[in-house]
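Data block below; observations after.
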Amino acid sequence: MQTDRADAMPKGRRALTYLFALVVTLLPMSVVAQVFTGIKEIAVPVGPDATEPAIFANDGAVMMSWTEPQGPGFAVKTATLRDNTWSAPSTVVAADSLMVNWSDFPTIAAFGNGTLAVGWMRESAVLLPYAYDLNISLSGDAGQSWGNPIIPHDDRSERQHGFLTLLPVGQDELVAIWLDSRAYDDSNPDDDSFENAMQLRSATLTANSGLSADIPLDLRTCSCCQTSAAVAGDGTILVAYRDRTEAEIRDISVVRRQDGVWSDPRTVNDDGWEISGCPINGPAIDADGDSAVVAWFTGADNRPAVKLAFSDDSGASFGPPTQVDTGGAAGRVDVLMLPDGDALVSWVAWLGVGEALMVCRATPTEGCVGRQVIALNRAGGSVNFPRMVQGRDAIYLAWTQPLDLPRPGTTIRLVALTGLLP
């Protein structure tokens, strides 16, 4: 997050949105359910003021990472939910030098062979607020112990390295994708990078801690929007991120790795969102077979919207987008490709009675065919960036929950969504 950042959280309220929220508030959830018939709250083994969950589903289990205060600093912890039972929480790292941020937070994934990977950020300079390195630790024993941190970027500049995505692509291969500011203040005329621009970079990590050299995927991107990645059925890797042109157009692009070669960036849709500061609102992508889907937030033409676009050629191209929200969109999306070719998208909306966590089931031909409020937050803080995964018997959704009583703070909520309606 650099000096071009600007918190863009639109809070527009429309009469229709308010009425919808009021109905949701007054009626039982079962009456207004349009996507799921079941919403089950799952207790989570977190401590006081836990925040920013990331979740990953693998082999019938759901793994979660989060951050919570510990001693003079913070700890990154994990636990695994299997057969309705949590493992004991495991501490990946605890230090007073961790970079703790509401939008750039630790993430978790698992190799095909079961090795766990957790990435987090550590400050690299005391007096520079956005100077931090990425760290990735591996565990081959289900989180009981963690290896020494691996830094995926080969530079050691005191700059920002963050918004990490970890994507397993095989039994012992994982692709790391992140935003990198190694050339942010670079004004060297002989340098082919862009001045004051973040880069999208990637490296490959193996389960035995082998690390490739990192490579650039795009030399000019938005500075503080989350990255997202997925694997298509033919092995093509898809990476979605918020791009940035010299004219400050910050629309969503996708790059693809096919047969080991990365493509040039391709814009998903020409929204034409011109904004001089980063909106802190990244896209989400998922794939299943030849089908892929991207969800994103845009504020183009001063009309906040959450959009969705499908691909039927492993992300080589995307069809026209559809808008899935009905107003008040704040974005902060996630998306899942469903086995039947539909998609499930989640987002945050500002309704007349609070901050709502929404989901929508969408088809490639009809767009959103059902919407549902999963949770309504009336506390003083925000649910921030909810995360969603598809488990064996349910879809799991986790988020930071602000608390007002009995004392201000945060916790983490996790729900299992069942009974997906057609």
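The values are calculated or read from the model by the stated rules, or taken from the named source; none is laboratory data. Since we're looking at a predicted model, the values are computed, not measured. Note that each Cβ is placed from the backbone with ideal geometry, even for glycine, and that neighbours are counted across all protein chains shown. The area values use the complete protein model at the heavy-atom level, side chains included, leaving out ligands, DNA and RNA. Shrake-Rupley method; radii C 1.70, N 1.55, O 1.52, S 1.80 Å.
At-a-glance table
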| item | result |
| --- | --- |
| Checking Val369 against (1) open to solvent by less than 40 Å² (accessible area, probe 1.4 Å); (2) assigned to a strand (DSSP E or B); (3) hydrophobic (A, V, I, L, M, F, W, C); (4) over 18 Å from Glu52 (Cα atoms), the condition it does not meet | (1) |
| Which numbered condition Ser145 misses (of (1) in contact (Cβ under 8 Å) with a residue 24 or more places away in the chain; (2) surrounded by fewer than 16 Cβ atoms within 10 Å (Cβ to Cβ); (3) out of contact with any Asp or Glu (no Cβ under 9 Å at 6 or more places or on another chain)) | (1) |
| Residues satisfying the stated conditions in the range 389-406, i.e. crowded, with 18+ Cβ neighbours inside 10 Å, part of a strand (DSSP E or B) and not polar (S, T, N, Q) | Val389, Ile395, Tyr396, Leu397, Ala398, Trp399, Pro402 |
| Pairs, first more than 20 Å from Asp234 (Cβ to Cβ) in the range 258-273, second part of a loop (DSSP other than H, G, I, E, B) and open to solvent by 70 Å² or more (accessible area, probe 1.4 Å), C-beta under 8 Å, six or more apart | Asn269/Pro320 |
| Number of positions in the range 216-245 that are open to solvent by 10 Å² or more (accessible area, probe 1.4 Å) and either touching a Lys or Arg at 6+ places or on another chain (Cβ under 8 Å) or not charged (D, E, K, R) (or both) | 14 |
| Check on Ile136, over 20 Å from the mean Cα position of the chain (by Cα), at pLDDT 95 or above and open to solvent by less than 60 Å² (accessible area, probe 1.4 Å) | no |
| Any pair with Cβ under 7 angstrom, 6 or more apart, that starts in the range 198-222 at a residue that is of a type in the set (D, E, K, R) and ends at one that is open to solvent by 50 Å² or more (accessible area, probe 1.4 Å) | Arg201/Ile215; Arg201/Pro216; Asp214/Asp154; Asp218/Pro265; Arg220/Phe194 |
| The range 148-164: number of residues that are surrounded by 23 or more Cβ atoms within 10 Å (Cβ to Cβ) and among the polar types (S, T, N, Q) | 1 |
| Only listed residue being assigned to a strand (DSSP E or B) and either out of contact with any Asp or Glu (no Cβ under 7 Å at 6 or more places or on another chain) or open to solvent by 40 Å² or more (accessible area, probe 1.4 Å) (or both), chosen from Val348, Val333, Val293 | Val333 |
| Subset tally (residues that are open to solvent by 10 Å² or more (accessible area, probe 1.4 Å) and among the β-branched types (Val, Ile, Thr)) for the range 319-330 | 2 |
| Test: Val293 is within 20 Å of the chain's Cα centre (by Cα) and either modelled with pLDDT of 95 or more or farther than 27 Å from Glu246 by Cβ (or both) | yes |
| Meets criteria (under 22 Å from Asn384 (Cα atoms) and in contact with a Ser or Thr (Cβ under 6 Å, 6 or more places away or on another chain)) for Ala240 | yes |
| Members of the range 132-167 found to be part of a loop (DSSP other than H, G, I, E, B) and more than 19 Å from Ala75 (Cα to Cα), listed by number | Gly140, Asp141, Pro152, His153, Asp154, Asp155, Arg156, Ser157, Glu158, Arg159 |
| The range 180-208 - residue that is modelled with pLDDT under 85 and of a type in the set (Ser, Thr, Tyr) and, of those, nearest to Leu138 (Cα to Cα) | Tyr184 |
